[in-house]
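These notes concern the structure reproduced below.
Read-outs throughout are calculated quantities, based only on the coordinates presented, and are distinct from any laboratory measurement. What you see is a predicted model, and the numbers here were worked out from it, not measured in a lab. When we count neighbours, we look across all protein chains shown, and the Cβ atoms used for this are built from the backbone with ideal geometry, even at glycine.
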Amino acid sequence: MASSTSDPSPESFDLIVIGAGQGGGPLAGAMAEAGHSVAIVERKHVGGTCINEGCTPTKTMVASARVAHLARRAGDFGVNTGDVSVDQSAVRERKQEIVDMFRDGSRSSLTSHEKLDLVEGHAAFVDERTVEVTLHDGSVRTLEGDRVVINTGARPFLPPIDGIEEDGVLTSTTIMELDEVPDHLIVLGGGYIGLEFGQMFHRYGADVTIIERGEQLLGREDAETGDAIRDILTDEGIHVHLESAITSIFRHSDGTLSAAIDGPKCPRRLRGTHILVAAGRRPNTDDLGLKAAGVSTDDRGHVITNNRLETSADGVFAIGDVTGGAAFTHISYDDYRILRDRWLDGVDRSTEDRPVPYTVFIDPQLGRIGQTAAQARTSGRDVQVARMPMSRVARAIETGETRGFMEAVVDNKTGQILGATILGPEGGEIASLLQVAMMGNLRYDALRDGVFSHPTFAESLNNLFSQIDDEKVRATGGS
């Protein structure tokens, strides 16, 4: 029974979860299934960023872009096609159907639990473990819990640029609702989001220009990786300007937009039909009443936690993107497992030394796991780097997808694989294969000498690890 504004007496629960994302939803379900009383509060859509605005819709749209790209390349394979065009409205509808299916599944998984109360509205702390939820009809429920978990995620960040509120300036959320392909899309930001959308819309038929403030694309990667990705994008016809920034935006009477650019090799002004701002994300914490709960945040608003996901307030925890860690769905999901295992099974897990694999869904994909060569050497390790272009991979040649490379870092002292970078077809899958080897403590020579099905991308690991000098490994005790 919902409390009214005139009767704010708290309803008590064993657990309150604020945000029904890919960590909060499973945690609420697991605790309810174990017999605990749980309230999960969601103000917009069940499923969080991943299902509604992130992984599911974007990768669905990336798939459409890849089909368009392959259709245009049909002649390379001896296949004759006509002109290729993209129905952006149909792409959006397909995306939305899949989002709705996943969202409905997530919602059903929550409402099926007798001990779980899905509360739809906006939650804000009024005390350490007490929250007021303003429901969509304006009424208020006051909830108190023995434990509270913050899982409110993040949203696109709009930097303080004059004119950024103009029509036609889009975020990673609003750009997916376009019914027509832009004539010229200007992308602010050369990170994961900017590159995925930039390549996607170029393959839909848009002219695309990417503006990146840093010296390379994907600034957290090795320079060689950033340079290789830039070459791939520019070869497709995408314009890339580094060490550049948009300083102001002006909307013309015909609806087009002009962006003033500050950069050494970039035009001083670019004119386009749309601008995508992909300059990072900010945590959804500004309206949570965290001070009332005694929950500390950093200077960007992320909730500060220790390696057991505990905040500065007793009994209050935070998981997922709101903590400012690696903003990936699989990390949020592992946060849920850490709390579940501790609370239900007494297993003392933490985030310390947790692997952070990820895939950037450009084409070809960038799959990453573990340390890069530079990171390994900075840590003082004696390493070898095995690197091989995809043009030497039989399967890549046969499928006509030879862009990119495979790279792995091996510790000379132990022969263990420390990390891998795979820029190539199904790069995320190949990197995952190497992650499994790392999890099983397999040495490089186990993959070098392994018998893999021919012809597969996995088989190329034989050749990749054949580049490691056995004598250097043996000389340092790794035999």
Task: Candidate lysines for bridging to Lys59, where Cα separation is under 17 Å - those fewer than 8 sequence places away on the same chain excluded - done: Lys95
Open item on the list: Using Cβ counts within 10 Å as a stand-in for footprinting exposure, how do Ser379, Ser258 rank, fewest first?
Closed with: Ser379, Ser258
Task: Proximal lysines to Lys413, defined as alpha-carbon separation beneath 30 angstrom and excluding residues fewer than eight positions away on the same chain - done: Lys472
- [ ] Output ³J(HN,Hα) for the stretch 430-442: one whole-Hz value per residue in order, computed from phi by the Karplus curve 6.51 cos²θ - 1.76 cosθ + 1.60 with θ = phi - 60°, and x for Gly and Pro.
- [x] 5, 4, 5, 4, 5, 4, 4, 4, 5, 5, x, 6, 6
- [ ] Counting other beta carbons within 10 Å of each Cβ, put His36, His274 in order, fewest first.
- [x] His36, His274
- [ ] Would you grab the residues whose amide H sits under 5 Å from the one on Val17? Only those 5+ places off in sequence or on another chain, please, with H modelled 1.01 Å from N.
- [x] Ala39, Ile40, Val41, Val149
Task: For the stretch 174-188, 3J(HN,Hα) per residue [Karplus equation, 6.51 cos²θ - 1.76 cosθ + 1.60, θ = phi - 60°, Hz, x = Gly/Pro] - done: 6, 5, 6, 9, 5, 9, 10, 6, x, 5, 9, 9, 9, 10, 8
TODO: Take the alpha carbon gyration tensor of the stretch 293-366, find the square roots of its eigenvalues, order them as a ≥ b ≥ c, and report rounded if a/c is under 1.5; if not, report prolate when a/b exceeds b/c, else oblate.
DONE: oblate
- [ ] Could you tell me which of rounded, prolate or oblate describes the chain, using a ≥ b ≥ c as the square roots of the eigenvalues of the alpha-carbon gyration tensor, with rounded for a/c under 1.5 and, failing that, prolate when a/b is larger than b/c and oblate otherwise?
- [x] oblate
Task: Burial ordering of Cys50, Cys266, fewest other beta-carbon atoms within 10 Å first - done: Cys266, Cys50
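Given only helices, namely DSSP H runs of n ≥ 4 each adding -39500 (n - 2.57), what is the per-residue ellipticity at 222 nm of the chain, to the nearest 500 deg cm²/dmol?
Value at 222 nm, helices only, nearest 500: -9000 deg cm²/dmol.
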Task: For the stretch 10-34 and the stretch 46-101, distance of Cα centres in Å - done: 34 Å
Open item on the list: So if I take the centroid of the Cα atoms in the stretch 351-426 and the same for the stretch 148-167, what is the distance between those two points in Å?
Closed with: 33 Å
TODO: Would you mind putting 207-218, 452-463 in packing order, based on average other-beta-carbon counts within 10 Å, highest first?
DONE: 207-218, 452-463
Task: Cα-projected label distance for Ile164 with Glu128, points at 7 Å along beta-carbon direction, nm - done: 3.7 nm
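Once a ≥ b ≥ c are taken as the square roots of the eigenvalues of the Cα gyration tensor of the stretch 123-278, is the result rounded (a/c under 1.5), prolate (a/b larger than b/c) or oblate (a/b not larger than b/c)?
Verdict is prolate for the stretch 123-278.
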Task: Backbone HN-Hα couplings from phi across the stretch 370-378 [Karplus 6.51/-1.76/1.60, Hz, Gly and Pro as x] - done: x, 8, 7, 4, 5, 5, 5, 5, 4
TODO: Could you list which residues have their amide H under 5 Å from that of Leu276, counting only those 5 or more apart in sequence or on another chain, with H placed in the peptide plane?
DONE: Leu170, Ile186, Val187, Leu188
Task: Sum of side-chain charges, Val148 neighbourhood, beta-carbon under 11 Å (Lys, Arg +1; Asp, Glu -1) - done: -4
